[in-house]
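Presented below is the structure to which this report refers.
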Amino acid sequence: MNNRTVIVSGGMLEEAFVLNILKSEETEFIIAADHGLTFLYEHQILPDYIVGDFDSTPEEIMSYYRDQTKVPIRKFNPVKDATDTEIALRLCMELRRKHVLILGATGSRADHLWANIQILKIALDAGADARILDSHNRIRLLEHGIILRKEEAYGPYFSVFPLCGLVADFNISGAKYPLHHHLLTPYDSLCVSNEFAEDEVEISFPLGEVILMETRDTPKDTEGSRSEE
């Protein structure tokens, strides 16, 4: 993924995993979203942009970036209509960044995770590829079919969910649990934890949008700068 933009948000940030991505030569642009700035400050990484309401960022950190660096800062009122991560993603679209990884989008707050999954639609509509990533999960939206290759998979499992309503004529081939001309609905767990049966899995559907989650129970020590592609 060339010219990669990384958003560092305020959720779960696994130190070694995140640093591996931030320091990769594939990462060209870094945006700090509120509390994600604290992680960058602690590891002496200078972002290219800082956004948020900064209600969870220590004032001494804000003072440092405001007074001692030239990093652009967009500060918002805490009473706002979008999360800091959404603001950062919209900034990516404004700057025409086409390949975006969102780190710190997962963690203990299920409501924050679900909100972060939903905002991926902003990038999808703008023709950009945005993905949520941690050491166990890679999450993205699809509006057309895809071929998943086992050698490039993020983990042994993948799950698919409709984003908005029913998805007709949904197909999965090459998997342990294939589907043919299925009506994918948001009301069951049929497409959770599927696995590869062949070297390639093909997911196809003519219309609609789906959430694709590639998952693994145990992260690989060497993953980070390579497997998020």
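Things to note:
- In order along the range 161-172, the phi-based Karplus estimate (6.51 cos²θ - 1.76 cosθ + 1.60, θ = phi - 60°) of 3J(HN,Hα) comes to 9, x, 7, 9, x, 6, 10, 7, 6, 8, 9, 10 Hz; Gly and Pro are listed as x.
- Three-way shape label, the range 113-229, alpha-carbon gyration tensor, a/c 1.5: oblate
- Stokes-Einstein translational diffusion, the chain - Kirkwood Rh over all Cα pairs, 0.890 mPa s, 25 °C, in µm²/s: 134
- Straightening the chain between residue 19 and residue 171 buys 51.0 nm, computed as 0.36 nm per residue apart minus the Cα-Cα spacing.
- Distances between placed amide hydrogens fall under 5 Å for residue 196 paired with 176, all partners being 5 or more residues away or on another chain.
- Degrees separating the helix 59-68 axis from the principal Cα axis of the chain, which is the longest one: 70
- Helix 84-94 and the longest principal axis of the Cα set of the chain meet at an angle near 80°.
- Dividing the mean sequence gap of close Cα pairs (under 8 Å, 6+ apart) by how many residues the range 132-199 holds gives a relative contact order of 32 percent.
- Relative contact order (percent, whole number), the chain, Cα cutoff 8 Å, 6+ residue spacing: 19
- Qualifying lysines (Cα of each under 17 Å from Cα of residue 121; at least 8 residues distant if same chain): 98
- A Förster radius of 22 Å, combined with the Cβ-Cβ distance separating residue 48 from residue 126, puts the computed FRET efficiency at roughly 0.70.
- For the range 1-118, projected area of the alpha-carbon convex hull averaged over all directions, nm²: 7.2
- By accessible area, using a 1.4 Å probe on protein heavy atoms only, the chain has 49% of its surface on carbon and sulfur.
- Cα-based reach from residue 176 at 20 Å (exclusive), listing aspartates and glutamates while leaving out same-chain residues under 8 positions away: 151, 152, 188, 195, 198, 199, 200, 202, 214, 217
The values are calculated or read from the model by the stated rules, or taken from the named source; none is laboratory data. All figures in this text were calculated on a predicted structure; none of them were measured in a lab. Because the Cβ atoms are built from the backbone with ideal geometry, glycine has one as well, and the counts that use them run over all protein chains shown. Side chains included, ligands, DNA and RNA excluded: accessible areas come from the protein's heavy atoms. Shrake-Rupley method; radii C 1.70, N 1.55, O 1.52, S 1.80 Å.
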